[in-house]
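Structure record follows, encoded as structure tokens.
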Amino acid sequence: MKLLVRLFSPDTPGDAARVAFGIRVVLQASFDLPVELIELRFGFLNAASAHAFRAAWRFRELVASSHRHRHQTLYLDPYPDGSDPPLRHFGQLPRSHPAVPRVKGGKGNFMGSEAIKRKALGPEERRELRRLRREKQRIENVGRADKMHTARLAGAIGERDTVSCLQASAYVGCSGWFYWKWRGQFYPTDLPTSQWFNYYAKRFDTVEINASFYSWPTVTNVKSWLRQPGKSSFVYTVKVCELITHIKRFQGTKTLVKDFGMMADILGERMGCFLFQLPPSYHFTKSRLNGILSQLDPARRNVVEFRHASWWNETVYSAFRNTGTIFCSCSGPRLPDVLVRTAEDVYVRLHGPERWYRHDYTRDELSGWADKIRASGARRAWVYFNNDYEGFAPRNALAMRRLLEEQTLR
């Protein structure tokens, strides 16, 4: 398949190269197509930059549908008002052409089928594909946040008190439950992915949702979480979207925080904590501390995780105690290996003490954290393992839960 690339903007040669490379990566990763050239037609001088990565991802959908019509060339023309352009097809490929993808099993599931053959990508191509995906998500997060704001103002979901309804003394789980590397390590090899959550929920009573950091959930998403565990007593902790913590970095985000908090009203008794994770470059200052705490909603169970050691100080602890905010204790590289209690609950995230996400905790290491939790005198402990490589997280989490249960029986 040949797709030609031409950008009608003389000021954006870098955009042209980036778009061409990005679309090639997307197409090759998704369809194993021998894409040689790509054409995007941007008819307005300042349109290329705004539509570059969005066009790349639209190509993924366009090629998925166009192969059924055997079209050879795709043209994409953005409108000056920024709305999505129409699709026009030119040329045809014979049905037997090797560039026409073949999908085994299931109609209408071209993108989602695990039977799609994916070409191995090099490190540079994987990074570019990841970058395109992240840019797309960041654009979409703004619109998703606006929709949730509208729903909150419309009173679509009544406010609920979710702070005092939990009974367990310890919730232990993983930071996410859907990782391909867990197949054969935690999930049975022959277990369909559609059954992975049920398998996880039979072994744990909580999960820390990590995907919400990258993609602001919709009301529909959250309602599906509510239904997912069935009749079991399952609790979610939700990681707050990076739009608040990493993009805006708590600058004028009080309304966004309240909008995101509406998820607790939807989840009701299934709501655990809101986790606000700040980036490693976010160093301690008193103004930043005050800015964070002044924007948190006291009606929620708020946890703040820092990735810079400067935040481990008594000024922060005291301010957190005064507002009832939970300080997130961490096991991570270059971070203090201590348990900090600033509220009735304690919260611990275990990433790996020396290498992020790759450490397999020994029984002695887990026992050390279990002893710290017991000695803290906390009413409740939230413990999540984020060392998801090679299935370490669920194995370590199960061991930690057993240790905490043993302590409770003493």
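The residues of segment 358-378 that are of a type in the set (S, T, Y) and more than 29 Å from the chain's Cα centre (by Cα), listed by number, are S367, S376.
Checked against (1) acidic (D, E); (2) modelled with pLDDT under 95; (3) part of a helix (DSSP H, G or I), D360 passes all but condition (3).
Yes or no, residue by residue, for (1) over 13 Å from F327 (Cβ atoms); (2) in contact with an Asp or Glu (Cβ under 8 Å, 6 or more places away or on another chain); (3) hydrophobic (A, V, I, L, M, F, W, C):
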residue	(1), (2), (3)
T237	yes, yes, no
E242	yes, no, no
R249	yes, no, no
Q277	no, yes, no
Y282	yes, no, no
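Residue pairs whose Cβ atoms lie under 7 Å apart, separated by 6 or more positions or on different chains, with the first residue in segment 353-379 and among the aromatic types (F, W, Y) and the second surrounded by fewer than 16 Cβ atoms within 10 Å (Cβ to Cβ), are W356/P333. For A378, the conditions (1) surrounded by 22 or more Cβ atoms within 10 Å (Cβ to Cβ); (2) in contact with a strand residue (DSSP E or B) (Cβ under 6 Å, 6 or more places away or on another chain); (3) not in a helix (DSSP H, G or I) are fulfilled apart from (1).
Restricting attention to segment 305-338, the residues being buried (at least 21 other Cβ atoms within 10 Å of the Cβ) and of a type in the set (A, V, I, L, M, F, W, C) number 8. For segment 381-395, the condition holds for at least one residue, the condition being that it is touching a residue at least 40 places away in the same chain (Cβ under 8 Å), farther than 29 Å from A299 by Cβ and touching a strand residue (DSSP E or B) at 6+ places or on another chain (Cβ under 6 Å). Total residues in segment 339-350 satisfying the condition of being among the hydrophobic types (A, V, I, L, M, F, W, C) and surrounded by fewer than 17 Cβ atoms within 10 Å (Cβ to Cβ): the figure is 0. Would you mind stating whether R355 is of a type in the set (K, R), farther than 16 Å from Q277 by Cα, part of a loop (DSSP other than H, G, I, E, B) and within 21 Å of the chain's Cα centre (by Cα)? Answer is yes for this residue. Taking segment 240-299 as the range and being among the aromatic types (F, W, Y) and crowded, with 20+ Cβ neighbours inside 10 Å as the test, the residues that pass are F250, F260, F274, F276. Of all residues in segment 269-317, those being over 20 Å from F213 (Cβ atoms), modelled with pLDDT of 95 or more and touching a helix residue (DSSP H, G or I) at 6+ places or on another chain (Cβ under 8 Å) number 9.
The values are calculated or read from the model by the stated rules, or taken from the named source; none is laboratory data. This is a predicted model, so every value here is computed, not measured. Cβ coordinates were reconstructed from backbone atoms using ideal geometry, including for glycine residues, and neighbour counts include every protein chain displayed.
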